[in-house]
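Structure, as structure tokens:
Please treat every number below as a calculation from the coordinates, not as lab data. It should be emphasised that the depicted structure is a prediction, and the values quoted were computed from it without experimental measurement. As a convention, Cβ positions derive from the backbone with ideal geometry for all residues, glycine included, and neighbour counts pool all protein chains shown.
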Amino acid sequence: MVLEVQILLYYLKVFSIIIIIIFLIFFINIYSSINKKLLLNNEYLVVPKGENISNIINTKIKNLNFLEIFIFKFYYNLNSYLFNKQLHYGDFYLGKNITFHKFLEILYEPSNILNKITIVEGWSKKELEYELSKHFTNIIEIPYNDILADTYFYEKDENINFFFNKLKKYKINYFEKFKNNILNENYNNEEIMIIGSLIEKEGLDYYDKKNISSVIFNRLKINMRLQIDASVLFAITDGEYNLNRKLNLNDLKFKHPFNTYMNYGLPPKPIAYVGTKTIDLIYENHKSDFLFYFFDNSLKKHIFSNDFENHKKRLNEYRNQK
């Protein structure tokens with residue numbers, strides 16, 4: 001009997017040691033995980049109302065394994081239960097090389113973003129300069145091909161040159177995800193930006209822009225003039241877009257490097273700021289047989305055709321309705 005009790009106590013002791021070791025390993029993993037340097041999709045994070053931690057962890061952090069995801073959710077829930085800590089919604093600047101612990105500490109507090117600038121796709125330089133003047137002094141001219149239209153955050157008293165360099169770096173990094181795209185066999189990044197700017201000034205919505213993109217690529221492929229009205233407007237107004245009347249036939253004959261009615265191929269540079277959504281759209285490489293389009297003012301949309309005869313027929317029908 002005594003021997004049985006000793007054996008039982010021995011196994012209990014071994015079992016207790018094993019449990020303690022398991023707990024130690026678990027808490028060591030928790031400690032190392034919450035202090036791991038995170039690889040984030042972006043230095044900035046927008047948390048909408050009602051957002052949950054699971055979605056943030058799964059979509060915003062790139063370098064996590066299954067165990068770390070479990071630990072992060074456990075750690076967050078533990079904080080919520082013990083200290084009643086909850087996520088705030090809003091815009092947050094996260095920075096680089098932060099740990100999960102720091103990540104949560106930022107999101108537990110109200111938004112730490114003081115300033116935000118939204119650059120609208122299709123804007124002219126004049127429109128951007130007006131917007132920048134609300135936020136910075138000593139405004140500089142920012143070339144169309146240097147940045148992408150998007151929403152950007154900046155810190156209080158940030159220098160405009162620092163802000164500009166941040167935007168240029170963002171564009172370079174953004175194009176990295178398309179480096180293996182098939183379009184790169186025939187077009188470089190700057191040519192994609194030029195195409196994007198034409199689409200921004202001509203297109204109305206996602207589907208409209210997709211079709212216009214296909215028209216541009218189809219025409220370039222057969223060395224056909226692009227004949228895009230926005231390029232003419234850019235040429236005759238020197239990029240101001242302030243003609244205040246409709247284009248006429250004489251305008252289309254205006255000799256200028258940016259007039260795609262007079263010149264083959266792409267204009268020398270972009271004619272507007274290009275948005276990230278349009279870059280995404282271009283690299284989808286939408287295929288169609290369209291070569292022509294015109295804007296139907298009554299339907300408020302572009303009408304696309306595969307050949308000139310069909311284009312002319314539909315254009316005449318439209319004109320006869322007016």
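Using only Cα atoms and rounding to the nearest 10 degrees, what angle (0 to 90) does helix 66-83 make with the longest principal axis of the chain?
Long axis of 66-83 versus the principal axis of the chain: about 70 degrees.
Cut-off under 28 Å on the C-alpha distance; same-chain residues fewer than 8 positions from LYS313 excluded. Which lysines are left, in chain and number order?
Straight-line reach from LYS313, under 28 Å: LYS201, LYS209, LYS210, LYS221, LYS246, LYS253, LYS287, LYS300, LYS301, LYS322.
Where does helix 206-221 land angle-wise versus the long Cα axis of the chain, in degrees 0 to 90, nearest 10?
Tilt of helix 206-221: around 60 degrees.
Find how much the distance from THR151 to SER288 grows on full extension, using 0.36 nm per residue of separation minus their present alpha carbon separation; answer in nm with one decimal.
Extending this stretch completely gives an extra 46.2 nm.
In segment 115-176, how many lysine pairs have Cα atoms under 17 Å apart, counting only pairs 8 or more places apart or on different chains?
Number of lysine pairs found: 9.
Count charges around ILE117 for me, please; just the other residues with Cβ under 9 Å from its Cβ, Lys/Arg as +1, Asp/Glu as -1. Please report the intermediate quantities before stating the final value.
Working: positive: LYS116, LYS134; negative: GLU131.
Surrounding charge for ILE117 is +1.
Find the relative contact order for segment 172-322 and round it to a whole percent, using C-alpha pairs within less than 8 Å whose residues are 6+ positions apart.
For segment 172-322, the relative contact order is 27 percent.
Using the number of other C-beta atoms within 10 angstrom as an exposure proxy, rank VAL215, VAL14, VAL274 with the fewest first. Write down the numbers at each step before the final one.
Working: VAL215 26, VAL14 10, VAL274 30.
Going from least to most buried by this count: VAL14, VAL215, VAL274.
Counting only other residues whose beta carbon sits under 12 Å from that of ILE57, what net charge do I get with K and R as +1, D and E as -1?
Local net charge: +1.
What length, rounded to one decimal in nm, is gained on full extension from TYR89 through to LYS169, with 0.36 nm per residue of separation minus their alpha-carbon distance?
26.1 nm
How far apart, in nm, are two points set 7 Å out from the Cα along the Cα-to-Cβ line at LYS179 and at PHE26?
In this crude label model, LYS179 to PHE26 measures out at 4.2 nm.
Using Cβ contacts closer than 10 Å as the measure, can you line up SER32, SER231, SER124 from fewest to most?
SER32, SER124, SER231
Counting other C-beta atoms within 10 Å, which of SER33, SER197 has the fewest, and how do the rest follow?
SER33, SER197
Taking the 0 to 90 degree range and rounding to the nearest ten, how far is the long axis of helix 160-176 tilted relative to the main principal axis of the chain, both from C-alpha atoms?
90 degrees
Using the alpha-carbon centroid of each, what span in Å lies between segment 67-103 and segment 214-243?
Segment 67-103 and segment 214-243 have Cα centres separated by 49 Å.
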